[in-house]
1. Work out, step by step, the length gained on full extension between residue 62 and residue 105: first 0.36 nm times the residue separation, then minus their alpha carbon distance; give nm to one decimal.
2. Per-residue ellipticity at 222 nm for the chain, helices alone: DSSP H runs ≥ 4 residues times -39500 (n - 2.57), over residue total, nearest 500 deg cm²/dmol?
3. Between residue 134 and residue 53, what is the label-to-label distance in nm when each label sits 7 Å out along the Cα-to-Cβ direction?
4. Angle between the Cα long axis of helix 90-105 and the longest principal axis of the chain, 0 to 90 degrees, nearest 10?
5. Restricting to the chain, compute how many DSSP beta bridges are antiparallel as a %, nearest 5.
6. Just order 27-35, 87-95 by mean Cβ neighbour count inside 10 Å, highest at the front, would you?
7. Starting from the Cα of residue 91, move 7 Å in the Cα-to-Cβ direction to define the label point; list residues of region 5-39 whose amide nitrogen is under 17 Å from there.
8. Can you give me the three principal axis dimensions of the chain from its C-alpha atoms, in Å, biggest first?
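Only the coordinates and a few stated rules stand behind these numbers; no lab work does. These figures come from a predicted structure and were not determined experimentally. As a convention, Cβ positions derive from the backbone with ideal geometry for all residues, glycine included, and neighbour counts pool all protein chains shown.
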């Protein structure tokens, strides 16, 4: 999925029609738990403008993202599975956008463990003044 307006993209796991839930965007998780911050990821996926669907190995077609009626996480464990619904509102999307902008600031202005800042806020240290020599007098 792609948002050209907000300049982000990602790979979602599944959009399907479910009884009583309608068009549902599902993210598959295999971690030790399902965490609330997953709502931010779901909001970003669900509010993108378009998606690319791979119809063939070497080609993809772009189409509008369908209107999403509900969101869920399919939590897979070695012994079982659970479908866990999420309530996504405009607030989750706004928080995602704030964090996206924070990440961009880190990449361009502050740097992080993976990136060198391209427009750093921290300058080079100024040279320390040399102590003045004492003259006899």
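1. Details: separation 43, 0.36 × 43 = 15.48 nm, distance 2.97 nm.
So the extension gain works out to 12.5 nm.
2. Values: 2 runs with 25 residues, N = 137.
One gets -5500 deg cm²/dmol as the mean residue ellipticity at 222 nm.
3. With each label point 7 Å from Cα toward Cβ, the separation is 8.5 nm.
4. The angle comes out at about 40 degrees.
5. On the way: 19 of 25 bridges.
Given both bridge residues lie in the chain, the antiparallel proportion sits at roughly 75 percent.
6. Numbers: 27-35: 12.3, 87-95: 13.9.
Listed from highest to lowest mean packing, they are 87-95, 27-35.
7. 36-39
8. Result, largest extent first: 97, 37, 31 Å.
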